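These notes concern the structure reproduced below.
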Ligand SMILES: [Zn+2]
Ligand SMILES: [Zn+2]
């Protein structure tokens, strides 16, 4: 099969012919229809996540056809957990020390085929095409986990308005919440995109929103945004860091945290998060904005994402 392979961090992916993967008894062999590109893929390729298997086929937002049954399935970031550790046994398999991750410690979906543990795959709603559904598998899923950690917040700030944010704004709006979108300084196109997707307000990362925020989600991997967001959230508010990698957080006065403000991260997802999201989507139709690239152009898709040129999600098709 054809695959885009990372041989070494910080080098471009190489198009290669590799053997078709052979599923174990627990795994499905899946013919990939679409694989959405995530910022985490950039962190892997750029060497900011330092423990990938190598060589590696990246990609963890996969939709494809289970070859054995002919049904469409989705493959997320969480690829395997041990099932016996204290985290797994307490409903927190997202924190499993031995967890394996698709497109990082397991080969992923930048290929014509992938194998995945059937217990970690999701059924994909019938109403969605493969390309529509692929961005839901991480941007949707882990974003949904971050969103739920905002509790009952009515006004939520989204710092960085990319793949995950453009999905979550639709869920937040359907729940009667208001979303305030913060983009890179002067990113007028990004701010217009946020407004077109349902944001109440859009501005620059250091702007003050017209009303204080009850919570904020940081999608962009810039540590200084923690401080920017803390300045805007009310007492008791939470700042949720949704990315797997972030630059260092600068020091800040304790008064910004005082008043029971909370800063926390979101790590990975549980299968329960996925089932809850897909159940939610039975009554809520999410529209994903996509830029589609042929598999061979994965490096160009990654470059465009790194440059902030993608509105919504980049999706690879084999
Ligand atoms: Zn475990
Ligand atoms: Zn991801």
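Annotations for the structure displayed:
- When only Cα pairs below 8 angstrom with a gap of at least 6 residues are kept, segment 150-265 shows a relative contact order of 24 percent.
- Relative contact order, percent, the chain [alpha-carbon distance under 8 Å, six or more residues apart]: 19
- Degrees, to the nearest 10: 163-174 long Cα axis against longest axis of the chain: 60
- Stretching the chain fully between residue 129 and residue 279 yields a gain of 52.3 nm (0.36 nm per residue, less the alpha carbon separation).
- Likely footprinting exposure, 77, 258, fewest C-beta neighbours within 10 Å first: 258, 77
- Fewest-first sequence of 183, 317 by Cβ atoms within 10 Å of each Cβ: 317, 183
- Gain on full extension, evaluated as 0.36 nm per residue between residue 249 and residue 300 minus their Cα-Cα distance, stands at 15.4 nm.
- Computed on segment 45-93, with alpha-carbon pairs under 8 angstrom and 6+ residues apart, the relative contact order is 22 percent.
- Two-site FRET efficiency, residue 2 against residue 188, from Cβ-Cβ distance with R₀ of 35 Å, rounded to 0.05: 0.35
- Beta bridges per DSSP with both ends in the chain, % antiparallel, nearest 5: 50
- Reducing segment 13-72 and segment 127-178 to their Cα centroids gives an inter-centroid distance of 23 Å.
- Mean-position separation - Cα centroids, segment 182-201 and segment 214-233, in angstrom: 16
- C-alpha long axis of helix 271-280 to longest principal axis of the chain, angle in °: 70
- Only helices enter this figure: runs of n ≥ 4 DSSP H residues, each worth -39500 (n - 2.57), summed and divided by the residues of the chain, yield -6000 deg cm²/dmol at 222 nm to the nearest 500.
- Neighbour counting of Cβ atoms within 10 Å sorts the residues 226, 292, fewest neighbours leading, into 292, 226.
- Residue 206/residue 262 FRET efficiency (R0 25 Å; Cβ-Cβ; nearest 0.05): 0.75
- Computed over segment 150-265, the P(r) curve from all C-alpha pair distances, binned at 10 Å from the origin, holds 15, 52, 30, 3 percent per bin.
Only the coordinates and a few stated rules stand behind these numbers; no lab work does. The structure presented is a predicted model; accordingly, all values stated were derived computationally and were not measured. Reconstructed Cβ throughout: ideal geometry from the backbone, glycine too, with neighbour counts over all protein chains shown.
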